[in-house]
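Asker: The structure follows.
Readers should treat all values here as calculations from the given coordinates under stated rules, not as data from a laboratory. All values derive from a computational prediction rather than experimental measurement. Here the Cβ positions follow ideal geometry from the backbone for every residue, glycine too, while neighbour counts run over all protein chains shown.
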Amino acid sequence: MLRFEVDADDMSRSRFALSPVFELLSLLRILAGLSRQRLPPDWSARLLPNFHRLRDETDLDAVLALESRSYGPDFIARPPLGLAQTWEDDLAALRNTELPDARREIAHCLSLRPTTDRRVLAVLDSDDVVDRIGEALHLAWDRLLARDWPQLRAICERDVVHRAGQLSRSGWAAALDRLHPRLRWRAGGIEVLRMADNRTVALGGEGLLLIPSVFVWPNVAVHVDDPWPKAVTYPARGTAALWERPAAADSGALADLLGRSRARLLTTLQEPSSTSQLAATLGLAVGAVGDHLTILRRAGLLHRARSGRSVLYQRTPLGDALAGGSAD
């Protein structure tokens, strides 16, 4: 069991963040067979050909050689700064790594998972290894994840909205207990169960990053290495929306009554969401989503409320009943 010791300053400074690079590396581990997670058949059929071409045409195998089921080098995936984190931010942080720091972490990774691949070792021994890893990951991002990132980001942002509501209603202890079965609040600390790393880590007043992720499911991941912020990455709610189209909304009585797009919007709105988040999740134009939401709200199926700079929509009890769901 890993335990984070938390004080009042840590509670006030803990925050949510998003990590594009973590999602990319998690996807690469899945495609390479380094993860127990599996992609749906349509995702595999779409991504695997590009993945194999990247392995043939770029230095991606050198990146994969540094990854394992339980560890990846910090200089490739540093903890993010906040919810506004972009792929460009992650790539810039990677490319700013000093060569001695990269070599130290590469040596540690190879001690955990040795390789005899001469092509891989030539890349990892080169003086421009940081640039070569950065270029390989940038190409992987463009060819494997850039298209889907708006949808993934929308799912993670909706999760943050849900967790923020839990925090405001029930406090940190209740919210943390609901993040994942392996996470719990106990006696003034956050415990992560069934971890190989059995120790206590003091947050030191810097707080904890909480990072929702699509590809980490069904596990959790932690980051405890200095000098980076301590972080817990957990499965985002609504990940099923990534793998499944709401077939019941695309056809049948609800679609006949509302139209297919409005039916899909209504069934998707199990959690509060903004117009842009819904557009990204469902692959619809923002303007069209706004028009449909207006109609659904006038019909009494949705209500809206402002949260910071965003306007969030949520089903009313009547909308829950019509969608065949129920409010949490």
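Asker: Whole-Hz ³J(HN,Hα) for each residue in region 92-106, computed from phi via Karplus 6.51 cos²θ - 1.76 cosθ + 1.60 with θ = phi - 60°, x for glycine and proline: what do you get?
Answerer: The phi angles translate into 5, 4, 4, 5, 8, 5, 6, 4, x, 5, 5, 4, 4, 6, 4 Hz.
Asker: Magnitude of the Cβ-charge dipole of region 34-92, K/R +1 and D/E -1, about the Cα centre, nearest 20 debye?
Answerer: 380 debye
Asker: Could you tell me how many degrees, from 0 to 90 and to the nearest 10, lie between the Cα long axis of helix 286-298 and the main elongation axis, the longest principal axis, of the Cα atoms of the chain?
Answerer: 40 degrees
Asker: Give a residue-ordered list of calculated ³J(HN,Hα) values for region 35-43 (Karplus: 6.51 cos²θ - 1.76 cosθ + 1.60, θ = phi - 60°; whole Hz; x for Gly, Pro).
Answerer: 10, 6, 5, 10, 7, x, x, 5, 5
Asker: Which label belongs to the value computed from this structure, given these candidates for mean projected area of the Cα convex hull in nm²: [x] 17.5; [y] 21.8; [z] 15.6?
Answerer: It is the one labelled [x].
Asker: Would you mind calculating the gained length between Glu206 and Asp127 on full extension (0.36 nm times residue separation, minus the Cα-Cα distance), in nm to one decimal?
Answerer: 25.0 nm
Asker: Subtract the Cα-Cα distance of Thr86 and Ser276 from 0.36 nm times their separation in residues, and report this length gain in nm to one decimal.
Answerer: 66.7 nm
Asker: Quick one: Karplus J couplings for region 261-270, per residue in order, coefficients 6.51, -1.76, 1.60, θ = phi - 60°, nearest Hz, x for Gly and Pro?
Answerer: 5, 5, 5, 5, 4, 5, 6, 6, 7, 6
Asker: Continuing with the same structure: For Val222, list long-range residues whose amide hydrogen, built 1.01 Å from N in the peptide plane, is under 5 Å from its own amide hydrogen.
Answerer: Thr233
Asker: Another one. Counting only DSSP beta bridges with both residues in the chain, tell me the antiparallel percent, nearest 5.
Answerer: Taking every DSSP beta bridge within the chain, about 60 percent pair in antiparallel fashion.
Asker: Sticking with this one: For Val201, enumerate residues with amide H under 5 Å from its amide H, sequence gap 5+ or separate chain, H modeled in the peptide plane.
Answerer: Under 5 Å from the amide H of Val201: Arg3, Phe4, Glu5.
Asker: Let me ask you something else. Given R₀ = 35 Å, FRET efficiency for Leu48-Ala174 by Cβ-Cβ distance, to 0.05?
Answerer: Here the calculated transfer efficiency is 0.30.
Asker: How far apart, in nanometres, would the label points at Ala187 and Leu110 be if each is projected 7 angstrom from Cα along the Cα-to-Cβ direction?
Answerer: 4.4 nm
Asker: Still on this structure: Please state the charge dipole magnitude for the chain, taken about the Cα centre, from unit charges on C-beta atoms (+1 on K and R, -1 on D and E), reported in debye and rounded to the nearest 20.
Answerer: Its charge dipole is roughly 1340 debye.
Asker: Further question: Starting from the Cα gyration tensor of region 10-54, multiply each eigenvalue by 5, take the square root, and state the resulting semi-axes largest first in whole Å.
Answerer: 30, 11, 10
Asker: What percentages, rounded to whole numbers, describe P(r) for region 132-269 computed over all alpha carbon pairs with 5 Å bin width beginning at zero?
Answerer: Bins of 5 Å from zero give 2, 8, 14, 16, 16, 14, 12, 9, 5, 3, 1, 0 percent of pairs.
Asker: Here is a further query. Amide H neighbours of Leu302 under 5 Å, at least 5 residues apart or on other chains, H built in the peptide plane: list them.
Answerer: So Leu302 has HN proximity to Arg297, Thr316.
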